[in-house]
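Participant: The structure that follows is given in the form of structure tokens.
Since every read-out is calculated from the coordinates, none of them should be taken as a lab result. These numbers were taken from a predicted model, which means no experiment stands behind them. Quick reminder, even Gly has a Cβ in these numbers, built from the backbone with ideal geometry, and neighbours come from all protein chains shown.
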Amino acid sequence: MDQYDTMMMDGEALGPSVKISAADSTHVNFELSNVDLSFANSLRRVIQAEVPTIAIDLVEIETNTSVLADEFIAHRLGLIPLDSREIDQMNYSRDCDCDQSCGRCSVTLTLHARCTSDDVMKVYARDLIVGHDRPSNFIGNPVITDPDGQGSLICKLRKDQELKLTCVAKKGIAKEHAKWAPTAAVGFEYDPHNKLRHLDLWYENDPEAEWPKSEYAAWEDPPAEGEPFDFDAVPARFYFQVEGAGNIEPDGIIQEGIKELQRKLATLIHGLGESDGMNGEYEGPRSPDMDGGAGPWQDPGYTTPYGNGGGNASSWGGGATSYGTPYGNSGSGGLY
């Protein structure tokens with residue numbers, strides 16, 4: 001892939017554009033331009049928190065004689081990245097018709113390890129056995145990227161210690177729990193020279209020396225000496241550095257984020273289009289005074305058990321209660 005591959009997202013020269021500066025199996029760095037700051041930030045938030053993945057959600061431990069508590073092992077299992085490609089083929093558990101879990105909304109993984117030697121036995125993600133009842137042959141597989149092909153370390157066992165458990169992996173998003181996060185980190189930057197002055201750079205002597213420029217400062221022209229400040233200037237170039245967690249390829253994370261934004265906008269448009277008119281043609285329940293009429297509390301002739309509503313008076317306006325406690329006259333300070 002060339003260093004400056006450019007993809008026009010809408011086919012127009014003046015439309016949003018993406019310039020990819022670096023990409024591999026775990027990272028992608030790109031520049032998003034000709035868009036609004038709100039859109040760029042929305043994309044950043046979506047790819048961090050709302051791109052669905054699969055992660056271990058339920059753990060049933062049958063035997064655990066290791067030094068780690070059950071909750072500790074369950075937490076470590078939940079953080080193991082699982083292959084989430086083609087996650088759209090999988091249902092959310094809340095949307096599935098099954099009672100608790102099935103092959104359409106979950107993936108079952110089992111683990112049974114027992115140390116029989118005097119040496120320490122290390123249990124890795126590769127020791128997890130994935131069930132066959134799942135949407136595809138690779139979804140739910142532990143992500144193993146280390147040279148030794150072992151994956152994440154789960155625990156260590158000494159002689160005669162044993163670990164036997166069953167896991168259920170489900171579909172979710174990072175907004176619910178961080179274990180479903182598709183990214184390990186997302187860098188987001190604009191205006192590397194701070195020409196818009198969105199940041200107030202604190203310094204002791206020299207801001208240029210104490211605040212080193214990022215690599216993207218070379219991509220934009222620095223402000224000219226004595227250049228007047230443009231109060232109407234807005235950012236138009238945004239630099240992203242996306243690092244995947246291994247469950248989805250970086251370019252797939254970006255594409256799924258854009259799809260999620262499209263779904264959100266489609267839901268909003270559909271909701272707005274359900275009413276006959278866009279300017280108050282609402283047919284739902286209203287308060288009694290919404291149509292210009294008077295509610296029962298506005299009717300001068302209406303009387304409550306506490307007095308006449310039209311006269312703004314009640315039985316508590318003066319005198320005493322049934323317990324003989326004086327409350328003072330209406331409109332006065334009263335006794336407390």
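Participant: For a label point 7 Å from the Cα of H177 along Cα→C-beta, name the residues of segment 49-63 whose backbone N is under 12 Å from it.
Facilitator: Label zone hits: 54-60.
Participant: Now, a different point. Based on the Cβ-Cβ distance of R85 and E225, what FRET efficiency does E = 1/(1 + (r/R0)^6) give at R0 = 41 Å, to the nearest 0.05?
Facilitator: It comes to 0.20.
Participant: Can you tell me the length gained on complete extension of the stretch R45 to L199, counting 0.36 nm per residue apart and subtracting the Cα distance?
Facilitator: Gain on extension, R45 to L199, equals 53.4 nm.
Participant: Further, regarding this structure: Rounded if a/c is under 1.5, else prolate if a/b is larger than b/c, else oblate: which is segment 74-181, with a ≥ b ≥ c the root eigenvalues of its Cα gyration tensor?
Facilitator: Prolate is the answer for segment 74-181, as a/c is 1.5 or above and a/b outweighs b/c.
Participant: Karplus couplings for segment 264-273 from phi (6.51 cos²θ - 1.76 cosθ + 1.60, θ = phi - 60°), rounded to Hz, Gly and Pro as x?
Facilitator: For segment 264-273, the Karplus-derived couplings read 5, 5, 5, 5, 5, 5, 5, x, 5, x Hz, x marking Gly and Pro.
Participant: For an R0 of 30 angstrom, estimate the FRET efficiency from the Cβ-Cβ distance between I258 and S214 and round to the nearest 0.05.
Facilitator: Efficiency, rounded to the nearest 0.05: 0.75.
Participant: Between segment 200-262 and segment 157-198, how many Å separate their Cα centres?
Facilitator: When both Cα centres are located, 22 Å separates them.
Participant: What are the GluC sites (Glu not before Pro) within segment 244-277 that DSSP puts in a loop, where the Cβ has at most 13 other Cβ atoms within 10 Å?
Facilitator: Here the GluC sites (Glu not before Pro) that fit, given the DSSP loop and packing criteria, are E274.
Participant: With an 8 Å cut-off on Cα pairs and a minimum separation of 6 or more residues, tell me the relative contact order of segment 1-158 in percent.
Facilitator: With pairs under 8 Å counted, the relative contact order is 18 percent.
Participant: Compute, for segment 153-258, the length of the dipole vector about the Cα centre, with Cβ point charges of +1 (Lys, Arg) and -1 (Asp, Glu) only. Units Debye, rounded to 20.
Facilitator: Taking the Cα centre of segment 153-258 as origin, the dipole is about 1420 debye.
Participant: Are there GluC sites (Glu not before Pro) in segment 110-216 that DSSP puts in a loop and that have at most 13 other Cβ atoms within 10 Å, and which ones?
Facilitator: Listed in order of number, the matching sites are E176, E204.
Participant: Now for a separate question. Taking R0 as 22 Å, what FRET efficiency do you get between A185 and T145 from their Cβ-Cβ distance, rounded to the nearest 0.05?
Facilitator: The pair A185/T145 has a calculated efficiency of 0.85.
Participant: Please list 3J(HN,Hα) in residue order for segment 101-111, calculated via the Karplus relation 6.51 cos²θ - 1.76 cosθ + 1.60 where θ = phi - 60°; whole Hz, with x for glycine and proline.
Facilitator: Computed from phi, the couplings for segment 101-111 are 7, 7, x, 8, 10, 7, 10, 9, 10, 10, 8 Hz.
Participant: Roughly speaking, what is the centre-to-centre gap between segment 87-107 and segment 10-71 when only Cα atoms are used, to the nearest Å?
Facilitator: After rounding, the separation between the Cα centres reads 22 Å.
Participant: Here's another thing I want to ask about it. Using amide H atoms built in the peptide plane, which far-off residues or other-chain residues are under 5 Å from E50 H to H?
Facilitator: Correct list: A174.
Participant: Per residue of segment 24-32, in order, report the coupling 6.51 cos²θ - 1.76 cosθ + 1.60 (Karplus, θ = phi - 60°) as ³J(HN,Hα) in whole Hz, putting x for Gly and Pro.
Facilitator: With the stated coefficients, segment 24-32 comes to 8, 6, 10, 10, 8, 10, 8, 10, 10 Hz.
Participant: Please give the contour-minus-distance gain from R104 to K156: 0.36 nm per residue of separation, less the Cα-Cα distance, rounded to one decimal in nm.
Facilitator: Result for the pair: 15.4 nm of gain on full extension.
Participant: C105's amide H: which non-local residues (gap 5+, or another chain) put their own amide H closer than 5 Å, with H modeled 1.01 Å from N in plane and none for Pro or chain starts?
Facilitator: Amide H to amide H, under 5 Å and 5 or more residues apart or across chains, C105 pairs with N91.
Participant: Still on this structure, please answer the following. For segment 171-226, run through the trypsin sites (Lys or Arg not before Pro) and keep only the ones in DSSP coil with at most 15 other Cβ atoms within 10 Å of their Cβ.
Facilitator: K175, R197, K213
Participant: Under the rule of at least 5 residues apart or a separate chain, name every residue whose amide H is placed under 5 Å from the amide H of D191.
Facilitator: Here R237 satisfy the definition.
Participant: Sticking with this one: Cβ under 15 Å from G151's Cβ, G151 left aside: what net charge do those residues give with Lys, Arg +1 and Asp, Glu -1?
Facilitator: Result for the neighbourhood of G151: 0.
Participant: Here is a follow-up. Counting only C-alpha contacts under 8 Å and six or more residues apart, can you give the relative contact order of segment 142-224 as a whole percent?
Facilitator: This gives 18 percent for segment 142-224.
Participant: By the scheme Lys and Arg +1, Asp and Glu -1, what is the net charge of all other residues having a beta-carbon under 15 Å from that of L109?
Facilitator: In short, +1.
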